[in-house]
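Right, one structure below, let's go through it.
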Amino acid sequence: MWLVRNLAWLAIMIIVVGFSILNVNERVTAIRLPGAVYEQVSLNVVLFVAFVAGMLVAFVLTLVQQLKGRATQNRLNRENQNLKEELRALRNLPLEDLKIGSGVGEES
């Protein structure tokens, strides 16, 4: 599995570097953001910033999902422990009301 993953990363890196080399002289005429306008920016810089922003968003979303999953797992573990303790307590209840030797149909 590690071989496939490493080959996939290698292919992605080759594609990214090849794309960057092919577009080394390209320029973006204007990028308008709230409060700022950037003119004549290299296409490679724009792509890199977009890539980093996307990776940060993916990281934050994954982190939130992981934290939710861990919180759910901890809640279920606590609930499981409580149920085990309750079952243990029920098993250890005294058998005071149990009449040994009395069968069905016998009169007491």
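Which of the peptides 21-27, 40-46, 90-96 is most tightly packed, and how do the rest follow, going by the mean number of other Cβ atoms within 10 Å of each residue? Working shown, then result.
On the way: 21-27: 10.6, 40-46: 14.1, 90-96: 6.9.
Per-residue mean Cβ counts within 10 Å order the peptides as 40-46, 21-27, 90-96.
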Shape box of the stretch 20-91 [Cα atoms, principal axes, largest first, Å] = 78, 31, 7
If amide H atoms are built 1.01 Å from N in the plane of the peptide, which residues on other chains or at least 5 residues away come under 5 Å of the amide H of residue 23?
-> none
Taking the Cα atoms only, what angle lies between the long axis of helix 43-91 and the longest principal axis of the chain, rounded to 10 degrees?
-> 0
Which of the listed residues, 34, 46, 83, is farthest toward the dipole's positive end in the chain, when Lys, Arg count +1 and Asp, Glu count -1 at the beta-carbon?
-> 46
Per residue of the stretch 21-30, in order, report the coupling 6.51 cos²θ - 1.76 cosθ + 1.60 (Karplus, θ = phi - 60°) as ³J(HN,Hα) in whole Hz, putting x for Gly and Pro.
-> 5, 5, 10, 5, 9, 6, 10, 9, 5, 7
So what is the calculated 222 nm ellipticity per residue for the chain, using -39500 (n - 2.57) for each DSSP H run with n of 4 or more, over all residues, to the nearest 500 deg cm²/dmol?
-> -23500 deg cm²/dmol
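Computed from the coordinates by the stated procedures, all read-outs in this text should not be read as laboratory data. Fair warning: this is a prediction, and the values are worked out from it, not measured in the lab. Don't worry about glycine lacking a Cβ; one is built from the backbone with ideal geometry, like all the others, and counts go over all protein chains shown.
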